[in-house]
1. Counting Lys +1, Arg +1, Asp -1, Glu -1, what net charge surrounds Gln220 among other residues with beta carbon under 13 Å of its beta carbon?
2. Each residue of the range 382-393 in turn: what ³J(HN,Hα) in whole Hz from Karplus with 6.51, -1.76, 1.60 and θ = phi - 60°, glycine and Pro shown as x?
3. Quick one: how many Å² of Tyr500 are accessible to a 1.4 Å probe, rounded to 10?
4. What figure in square angstrom, to the nearest 10, would you give for the accessible area of Trp26 with a 1.4 Å probe?
5. Would you mind classifying the range 65-121 by shape? Square roots of the alpha carbon gyration tensor eigenvalues, ordered a ≥ b ≥ c; an a/c under 1.5 is rounded, otherwise it is prolate if a/b is larger than b/c and oblate if not.
6. Under a 1.4 angstrom probe, counting protein chains only, how are Ile112, Ile382 ranked by accessible area, largest first?
7. What FRET efficiency comes out for Glu420 versus Glu289 if R0 is 35 angstrom and r is the Cβ-Cβ distance? Round to the nearest 0.05.
8. Not counting ligands, DNA or RNA, and with a 1.4 Å probe, what is Lys356's accessible surface area in Å² rounded to the nearest 10?
Amino acid sequence: MVEENMGACWSQTKDQFDNLEKHTQWGIEFVERYTKFVKERSEIEISYAKQIRNLSKKYQPKKNSKEEEEFKYTSCRSFLTTLNELNDYAGQHEVIAENLTSQIISELSRYIQELKQERKSHFHDGRKAQQHIENSWKQLESSKRRFERDCKEADRAQQYFEKMDADINVTKADVEKARQQAQLRHQMAADSKAEYSAYLQKFNQEQNEHYYTLIPHIFQRIQEMEERRIERVGESMKTFAEVDRQVLPIVGKCLDGMTKAAESIEPKTDSKQVVEAFKSGFEPPGDVEFEDYSQAMKRTVSESSLSNTRADGRPEKPTSKTKGKLWPFIKKNKGSGPEDFSHLPPEQRRKKLQAKIDDINKDIQKEMDQKDALTKMKDVYIKNPQMGDPASVDPRLAEIAQNIEKLRVEAQKFEGWLAEVEGRLPVKSDPPRRQSSMYDTQNSTPVNNNCAQDRESSPDGSYTEEQSSETQIKVPNPEFDDEFDDEEPLPTIGTCKALYPFEGHNEGTIAVAEGEMLYVIEEDKGDGWTRVRRNEEEEGYVPTSYVEVYLDTNAKGAMTYI
């Protein structure tokens, strides 16, 4: 009965371990399944963000295309803002994917490995305890069987001794031998009994510890492991929602930006821009006069008629009854048209000419900046031959001078056409009233502008002037020119700190000491020199690499130099 109960307990414990092994394995698989779910969600977010970014990029205006011109309208600008906000919106989905990966996928993947190792350790301890108690039980059974066998042997030996002792025919020696054998068997039985008793006591103690201490402790650890797993999954599910919730404010701002962009659309403003863009400048045609064919008389044409008159005063037959009269419906010539844009309506022609002149003036300004920088570099080479050959700059200077001359001639040509459109033909002795922005700049250039027309400058303040082939425009050198001592000093555009001492032996330079603070009045334009001032009377050039410049972006002239 005891053995049956014992076997039932062991079988039940083994079954419990099997059930727990299956359940904990299912728990690990569940965590792996949830991790896979989050990973697939992250991949969807990345794919969605990529598609949204591509969509935003696809509808962005192409540079130097008709689409870019269309974005001057409020509706198009609103659409552009929506595209930009949508791009930021896609970025938030990338943030979601990144946070899902770092806060859930990576953490759970690491935790699964730890969980597997912990589970393996618990069930190893359980199997070890179960094996120990089974071995202890086997020892007890073995000692028990040995005690039973020794008791039976002792009974048989005792019975044989008694039989021999009662038999008168048996010698005394045989009786003594039987008696000794019986005593030996009794001693062996007594030893087996003591051993069995010891094993029984040991087993009962171990069994009590097994069922009341070891196994409950292992089960408790497995239970705690499972509860931690469940709690960890719950935290991950909460993080899964929080990752979305964290980006909601920024997503809301993106949507608010789209709404604000939509509300900024102004239909009337767009309509005015359309009118301004396509305004022709044509005068409406006059009334068509009645021609009376019922009278046999020479018909005359009123001055307001749109038909043309020949040199002899007779009316010229129009080539078409409607061509030239219904001007709003005249088809435009296909192609780029002539250089002077004469194929365009007056207003459109004026805009095109003005835009062309502005572009040429920008090119002239760039060439002038390069010329000024190269001239200063040449002067530095002259004073410091070790820095370079002055003659190496001459070919480039000559090329720039030719480019400037060509651009000026081109600008004057377009200005003549522009004056013609505005009803003011140019006079040779009198330049056109509307001059290019380059010429306006020369007449109103502030003293810190280092890009005046037809001037070559150097760190020592010397300059030369060139004459245009058609117009002669002399511009005073705003730098070191003794003829203009009464000019106002250049404004400061920042400060600088001398990193190294500079002796400044060459003309146009200024000596500085290490750590000295000076005022910057002209930035380095690519020639390696910065113009500085110590006080109202001491100013000059220092190597740019010798100073650390701190520009004041709000100072006048701070953005004048390249």
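1. Details: positive: Arg221, Arg228; negative: Asp125, Glu224, Glu226, Glu227.
Net local charge, Gln220 excluded: -2.
2. 5, 7, 10, x, 5, 7, x, 8, x, 5, 5, 8
3. It works out to around 120 Å².
4. Surface accessible to solvent at Trp26 totals approximately 130 Å².
5. Working: a/c = 11.99, a/b = 6.42, b/c = 1.87.
Taking the square roots of the gyration eigenvalues as a ≥ b ≥ c, the range 65-121 is prolate.
6. Numbers: Ile112 10, Ile382 95 Å².
My answer, sorted largest first, is Ile382, Ile112.
7. On the way: r = 31 Å, r/R0 = 0.89.
Computed FRET efficiency for Glu420 and Glu289 comes out at 0.65.
8. Estimated to the nearest 10 Å², Lys356 gives 80 Å².
The values are calculated or read from the model by the stated rules, or taken from the named source; none is laboratory data. Just so you know, these numbers come straight off a predicted model, no measurement behind them. Positions of Cβ are backbone-derived with ideal geometry, glycine not excepted, and every protein chain shown enters the neighbour counts. We work out accessible area using only protein heavy atoms, side chains counted, and drop any ligands, DNA or RNA first. Shrake-Rupley method; radii C 1.70, N 1.55, O 1.52, S 1.80 Å.
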